[in-house]
Amino acid sequence: MARQEDTIEPVERMDGHELAEVSPQHPMDRLLRRDRLPHIWCAGCGLGTALNCFLSALIQSGLEPDKVAVVSGIGCSGRTAGYVAMDSFHTTHGRAIPFATGLKLANPALKVVVFSGDGDLIAIGGNHFIHAARRNMDLTVICVNNFIYGMTGGQLAPTTPTEARTSTSPAGNRDHPFNLAYLAAASGAAYVARWTTLHVRRLQRSICEALLKPGFSFVEIISPCPTLYGRWNKQKTALDQMAFYKDKSIIQHGADPRTADIGLTGQIIVGKFVDIQKPSYLELQKA
């Protein structure tokens, strides 16, 4: 992809003295398809923060972008694959993990990252998720969880907290939601962490660890959706939701994931829950 050449220009103060030279290029410009910006995400959506943390973690990891592939499915989170200046695949609904698995098996030298949402990965894609974790497939899966189907009208999702209201559960959800950290751990993931978009530095660190972890690594990102979930549940702005994260988040590294359910108004247990060593799928195939 053609890139704009870096230009560095002197900046003059009003008194005529010259300041230090600065570059107008953002540090992440080389990792983004700038011709596709601005993005389509709503004001207050947490996806921009999630993408920033992912790209920062990628830089920190030392992985070469031309050795990284990003795979996403359908939904608001799925647009990420179109914004990153790396090999990327925007796949069919719920099929991000099978596409990513095929890519990793065809080219084991690639670092394959799945970046998608809770509806895509855990609803229609749920069976693929548990079996990839069971096999300890060499993938890093980043799931942006906003508790709702954000792109298609705010319908009930498999992660919607009990009693939460959506466009298809206006009287409150009566279903028990998935605890994604527990689901990943119980299925066999080698690395499991959960953070909110409020915990930027901790989230970045976890994604970096996940990128460097052999086998199936999983990072859940609790993210605001003020347009739909927030509006239905008395959190009308992203600041309302971020304040909720601040008040309700409890960091418990090493916590038993089965205790990390998320309720409508209850606490959100965040942290690194699982970080174990076990043979990855590719390692077992070489044995």
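The values are calculated or read from the model by the stated rules, or taken from the named source; none is laboratory data. Predicted model only: the values in this text are computed from it and were never measured. Note that each Cβ is placed from the backbone with ideal geometry, even for glycine, and that neighbours are counted across all protein chains shown.
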Subject >> Selected residue (criterion: farthest from Asp175 (Cα to Cα)) from residues of the range 115-143 that are β-branched (Val, Ile, Thr) and assigned to a helix (DSSP H, G or I) >> reply: Ile130
Original post:
Yes or no: Ala193 modelled with pLDDT of 95 or more, surrounded by fewer than 17 Cβ atoms within 10 Å (Cβ to Cβ), in contact with a helix residue (DSSP H, G or I) (Cβ under 8 Å, 6 or more places away or on another chain) and among the small types (Gly, Ala, Ser)?
Top reply: no
Original post:
Do the conditions hold for Tyr281, that is, is it aromatic (Phe, Trp, Tyr) and out of contact with any Ser or Thr (no Cβ under 8 Å at 6 or more places or on another chain)?
Top reply: yes
Original post:
Among the residues of the range 239-249, is any surrounded by fewer than 18 Cβ atoms within 10 Å (Cβ to Cβ), within 16 Å of Glu220 (Cβ to Cβ) and touching a Phe, Trp or Tyr at 6+ places or on another chain (Cβ under 9 Å)?
Top reply: no
Original post:
Tally time: how many residues in the range 132-153 are more than 26 Å from Ala186 (Cβ to Cβ) and surrounded by fewer than 24 Cβ atoms within 10 Å (Cβ to Cβ)?
Top reply: 3
Original post:
Identify, please: which residue in the range 1-57 is of a type in the set (Lys, Arg) and at pLDDT 55 or above and is, among those, nearest to Asp87 (Cα to Cα)?
Top reply: Arg33
Subject >> All positions within the range 228-277 that are within 25 Å of Lys213 (Cβ to Cβ) and of a type in the set (Val, Ile, Thr) >> reply: Ile250, Ile251, Thr259, Ile262, Ile268, Ile269, Val270, Val274, Ile276
Subject >> Single unsatisfied condition, Lys213 versus (1) in contact with a strand residue (DSSP E or B) (Cβ under 8 Å, 6 or more places away or on another chain); (2) buried (at least 22 other Cβ atoms within 10 Å of the Cβ); (3) not aliphatic (A, V, I, L, M) >> reply: (2)
Original post:
Can we say Ile124 is more than 27 Å from Glu209 (Cβ to Cβ) and of a type in the set (A, V, I, L, M)?
Top reply: yes
Original post:
Which one is farthest from Pro226 (Cα to Cα) among residues in the range 67-82 that are modelled with pLDDT of 95 or more and either among the hydroxyl-bearing types (Ser, Thr, Tyr) or out of contact with any helix residue (DSSP H, G or I) (no Cβ under 9 Å at 6 or more places or on another chain) (or both)?
Top reply: Lys67
Subject >> Long-range neighbours under 8 Å by Cβ, at least six apart or interchain, first residue closer than 11 Å to Phe54 by Cβ within the range 189-213, second buried (at least 22 other Cβ atoms within 10 Å of the Cβ) and among the aromatic types (Phe, Trp, Tyr) >> reply: Leu203/Trp195; Ser206/Trp195; Ile207/Phe54; Ala210/Tyr191; Ala210/Phe218
Original post:
List, please: which pairs have Cβ atoms under 8 Å, are six or more places apart or on different chains, and start with a residue in the range 234-251 that is within 15 Å of Ala164 (Cβ to Cβ) and end with one that is acidic (Asp, Glu)?
Top reply: Lys234/Asp240
**OP:** Identify all residues within the range 124-134 that are at pLDDT 95 or above and either of a type in the set (A, V, I, L, M, F, W, C) or touching a Leu at 6+ places or on another chain (Cβ under 6 Å) (or both); write none if there are none.
**Re:** Phe129, Ile130, Ala132, Ala133
Original post:
Out of curiosity, is Leu63 surrounded by fewer than 21 Cβ atoms within 10 Å (Cβ to Cβ), in contact (Cβ under 8 Å) with a residue 60 or more places away in the chain and in contact with a strand residue (DSSP E or B) (Cβ under 7 Å, 6 or more places away or on another chain)?
Top reply: yes
Subject >> Filter result for Phe273 (among the aromatic types (Phe, Trp, Tyr), closer than 17 Å to Thr160 by Cα and buried (at least 16 other Cβ atoms within 10 Å of the Cβ)) >> reply: no
